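Engineer: The structure follows.
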Amino acid sequence: ETMATASMDSVSTIILPDIDGQGTFEVDTLIYSRVEFTSLQGKIKIYDRKIECYDATGKVYSGDVAGNTTIDLNDFENPRYTGEFQATNVEANDFVSRFTKFGGFLYGKINLDGQYAAEGWEPEDFLNSLTMNSNTSMQQGKVITSGEVYSAINSLASKAGQSFDKEQPLRSLATKVIVKDGKVGVDKLKTQLGSMGEVELDGYYSFDGDIDYTG
């Protein structure tokens, strides 16, 4: 009996074949880029070398998340992602701690809804290419300051004849959150902050650690 092996030239280079399909999915726990999603379920379609997940719901950071995502694998070395999302009652400190170095500062339940796009297999490539535009709101929460942040705000309050406690209640926060070019930005953030009164802020925080704001 003669054994034969196929040459590499005869092996198809198509990693994702031209197939169509549809169905449903359920995932107990999914961790991506250090963000944990649980109890995910939804519907799925496969067409034109694209995977579309829609009518998806789940849990993230103690809140609820819903939306849809399309993964385009036509360029398999550099997959492209697009989608829309709605997140409700997400703990602000969990969200802020993951994407910035300002953990332990902002607490409360936030709501977000918007669109995003990204590309790449590796989480770092995904994050650096991420573009996102979302509306964000919080009915009530609190801000806890310490160190240089507290000293700076307290100094401003003192000049206005006010005192500023390290923990301040926060109400009626609303802003657009924009992620682009490795930066997380807020556009026309407005909120009511304890004894400081109404606060308005524009600015950004970059994944490299730079910060720039006016307010």
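Engineer: Within the stretch 40-99, how many residues are more than 30 Å from Ser206 (Cβ to Cβ), part of a strand (DSSP E or B) and among the acidic types (Asp, Glu)?
Structural biologist: Total meeting the criteria: 2.
Engineer: How many of the residues making up the stretch 39-62 are within 24 Å of Phe95 (Cβ to Cβ) and at pLDDT 95 or above?
Structural biologist: Of the residues in the stretch 39-62, the ones within 24 Å of Phe95 (Cβ to Cβ) are 39-42, 53-62.
From what's left, at pLDDT 95 or above: 39-42, 53-59.
Qualifying residue count, the stretch 39-62: 11.
Engineer: Restricting to the stretch 43-63, count the residues that are within 16 Å of Phe85 (Cα to Cα) and of a type in the set (Phe, Trp, Tyr).
Structural biologist: Final tally of qualifying residues: 2.
Engineer: Within the stretch 100-114, how many residues are touching a residue at least 40 places away in the same chain (Cβ under 8 Å) and in a loop (DSSP other than H, G, I, E, B)?
Structural biologist: Qualifying residue count for the region: 5.
Engineer: I've got another one for you. Which of the residues that make up the stretch 163-193 are open to solvent by 20 Å² or more (accessible area, probe 1.4 Å), closer than 19 Å to Glu148 by Cβ and modelled with pLDDT of 80 or more?
Structural biologist: Answer for the stretch 163-193, where residues must be open to solvent by 20 Å² or more (accessible area, probe 1.4 Å), closer than 19 Å to Glu148 by Cβ and modelled with pLDDT of 80 or more: Asp165, Lys166, Glu167, Leu193.
Engineer: Now for a separate question. Mind telling me which of the residues Tyr32, Tyr61 ends up being touching a residue at least 60 places away in the same chain (Cβ under 8 Å) and open to solvent by 40 Å² or more (accessible area, probe 1.4 Å)?
Structural biologist: Selected residue: Tyr32, the only one of Tyr32, Tyr61 that is touching a residue at least 60 places away in the same chain (Cβ under 8 Å) and open to solvent by 40 Å² or more (accessible area, probe 1.4 Å).
Engineer: Right, here's the next one. Go through the stretch 89-108 and give me each residue that's open to solvent by 50 Å² or more (accessible area, probe 1.4 Å), of a type outside the set (Lys, Arg) and over 13 Å from the mean Cα position of the chain (by Cα).
Structural biologist: Across the stretch 89-108, the qualifying residues are Asn89, Phe102, Phe105, Tyr107.
Engineer: Kindly provide the set of residues from the stretch 109-120 that are within 18 Å of Thr88 (Cβ to Cβ) and open to solvent by 30 Å² or more (accessible area, probe 1.4 Å), ordered by number.
Structural biologist: Lys109, Asn111, Asp113, Gln115, Tyr116, listed by residue number.
Engineer: Would you confirm, using the coordinates I've provided, whether Thr82 is surrounded by 13 or more Cβ atoms within 10 Å (Cβ to Cβ) and under 18 Å from the mean Cα position of the chain (by Cα)?
Structural biologist: So Thr82 passes the test.
Engineer: Looking at the stretch 5-16, can you tell me whether even one residue there is at pLDDT 90 or above and at negative phi?
Structural biologist: No: the stretch 5-16 contains no residue that is at pLDDT 90 or above and at negative phi.
Engineer: Right, something else. The conditions are (1) loosely packed, with under 15 Cβ neighbours inside 10 Å; (2) modelled with pLDDT under 95, and Asn135 fails exactly one of them. Which is it?
Structural biologist: In the conditions (1) loosely packed, with under 15 Cβ neighbours inside 10 Å; (2) modelled with pLDDT under 95, Asn135 misses (2) alone.
The values are calculated or read from the model by the stated rules, or taken from the named source; none is laboratory data. Keep in mind that what you see is a predicted model, and the values were worked out from it rather than measured. Don't worry about glycine lacking a Cβ; one is built from the backbone with ideal geometry, like all the others, and counts go over all protein chains shown. These area figures cover heavy atoms from the full protein model, side chains too; ligands, DNA and RNA do not enter into them. Shrake-Rupley method; radii C 1.70, N 1.55, O 1.52, S 1.80 Å.
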